[in-house]
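The values are calculated or read from the model by the stated rules, or taken from the named source; none is laboratory data. Quick caveat, the model's predicted, so the values are computed rather than measured. With ideal geometry, Cβ positions are generated from the backbone for all residues, glycine too; neighbour counts draw on all protein chains shown. Heads up: the accessible areas ignore ligands, DNA and RNA and are worked out on the full protein's heavy atoms, side chains in. Shrake-Rupley method; radii C 1.70, N 1.55, O 1.52, S 1.80 Å.
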Amino acid sequence: ADPDSPIGLKVMWLGHSTVFIEIDGKRFLFDPMWSENISPVGVFGPTRFFNNPLRIDQLPKLDGVIISHNHLDHLDYTAIKPLAQTGTTFYCPLGIGEILQSWDISVKQIKELDWWENISIGKNHQLVATPARHFSGRGLFDRNKTLWASWAILGKKHRIFFGGDGGPFSGFKTIGEKYGPFDMTFLEIGAYDADWPDIHLGPESATQAQIDLRGDVLLPIHWGTFKLAFHPWTEPVEKLIALGQKKDLKLSLPQPGQWVDIHSSAINTSWWKSLA
């Protein structure tokens, strides 16, 4: 079969910001995170509420791994190393290639993009690095040494937007005008606080971003997996559901590891209630 043939849109949320996407015949993995802890030494730091439902060796052959930024919960050494051994290509914002090369990943497997740059993948897919309002850094001395980004994938029939991490900004409207409407968007709703309103969306800003992006179905990411802020761990999704009803938004709330396709994407499994 022609690998570029349009076969629709299927997605699987694997927890936190890790999303596996099949779009019009290509397969991509965003921000792969398999570690138990968010820590440079793997012992301290926030620990998972649930394990990643897939093992890395259960993933099919990928057309690319896409990284939003270099924070420890988005660029995870323990996931990147085995993925690199499959020969896949890593698409990342400027500067992250140097980190990947320091992990002995071949420069041939690394494609770095600046904001608004795009790259063709096969005949029918465009990947665009779009702006985000965030910051980068993995330690005490490397703040903002590498770029961060959100991403749009434009397939033959479908379009998706992956927000990565980032606060509210006017760029969502520009991205929506340039590349929307999107069949699905993946926007972060967790780890918000009044003290850092500019670097994370939270449920309210995520609903506004969804409208600005001209998104159809919103699948929230960056919640429910690690405790990274002071709010209760199920608060983001409960707030999002209430806001979604008010603003008539289509939400996709599958269990981690559950396939969702474009025809049955607006679902609410309430999976977190059994864990809470």
Computed about the Cα centre, the charge dipole of segment 13-95 from +1 Lys/Arg and -1 Asp/Glu charges at the Cβ has a magnitude in debye, to the nearest 20, of 120
With all protein chains present and a 1.4 Å probe, the order of HIS263, HIS74, HIS200 from largest accessible area down is HIS263, HIS200, HIS74
TRP259 and SER120 label points (each 7 Å along its Cα→Cβ direction) are spaced in nm at 3.0
Once Lys and Arg are counted +1 and Asp and Glu -1 for all other residues with Cβ under 12 Å from that of ASN268, the total becomes +1
By the Kirkwood definition, with r running over pairs of different Cα atoms, segment 31-124 has a hydrodynamic radius in Å of 14.3
The ratio Rg/Rh over the Cα atoms of segment 128-196, Rh being the Kirkwood inverse mean 1/r radius, stands at 1.02
Quick tally, 1.4 Å probe accessible area for ASP31, ASP57, ASP198, sorted with the most first, runs ASP57, ASP198, ASP31
Across GLY163, GLY202, GLY87, the residue with the highest GNM fluctuation in the chain (Cα network, 10 Å cutoff) is GLY87
One would report the antiparallel percent of DSSP beta bridges in the chain, rounded to the nearest 5, as 55
Given a 1.4 Å probe, the accessible area of the chain per residue, as a whole number of Å², is 43
With R₀ set to 22 angstrom, the calculated FRET efficiency between the beta-carbons of LYS145 and TRP103, to the nearest 0.05, is 0.85
For the chain the translational diffusion coefficient, Stokes-Einstein from a Kirkwood Rh over Cα pairs at 4 °C and viscosity 1.567 mPa s, in µm²/s, is roughly 70
Rounded to a whole %, the carbon-and-sulfur portion of the accessible area of the chain at a 1.4 Å probe is 52
About its Cα centre, segment 148-221 carries a charge dipole, from +1 on Lys and Arg Cβ atoms and -1 on Asp and Glu Cβ atoms, whose size in debye to the nearest 20 is 580
Per-residue accessible area, 1.4 Å probe, largest first, puts ILE66, ILE110 in the order ILE110, ILE66
Relative contact order as a percentage, segment 175-276, C-alpha pairs under 8 Å and 6+ apart, gives 27
With +1 on the Cβ of every Lys and Arg and -1 on the Cβ of every Asp and Glu, the dipole magnitude of the chain about its Cα centre, in debye rounded to the nearest 20, is 360
The correct pair for segment 161-250, radius of gyration to one decimal and Dmax as a whole number, both in Å and from Cα atoms, is 12.2, 36
Length gained, LYS250-ASN51, 0.36 nm per residue minus C-alpha separation, equals 68.9 nm
Residues other than ALA229 with Cβ under 12 Å of its Cβ, Lys/Arg counted +1 and Asp/Glu -1, net out at -3
Percent relative contact order for segment 33-162, counting Cα pairs under 8 Å at least six residues apart, stands at 20
If the chain between ASP198 and LYS173 were fully extended at 0.36 nm per residue, the gain over the current Cα-Cα distance would be 7.3 nm
So, relative contact order of the chain in percent, Cα under 8 Å, 6 or more apart, is 17
Quotient of Cα radius of gyration and Kirkwood radius for segment 126-276, i.e. Rg/Rh, equals 0.96
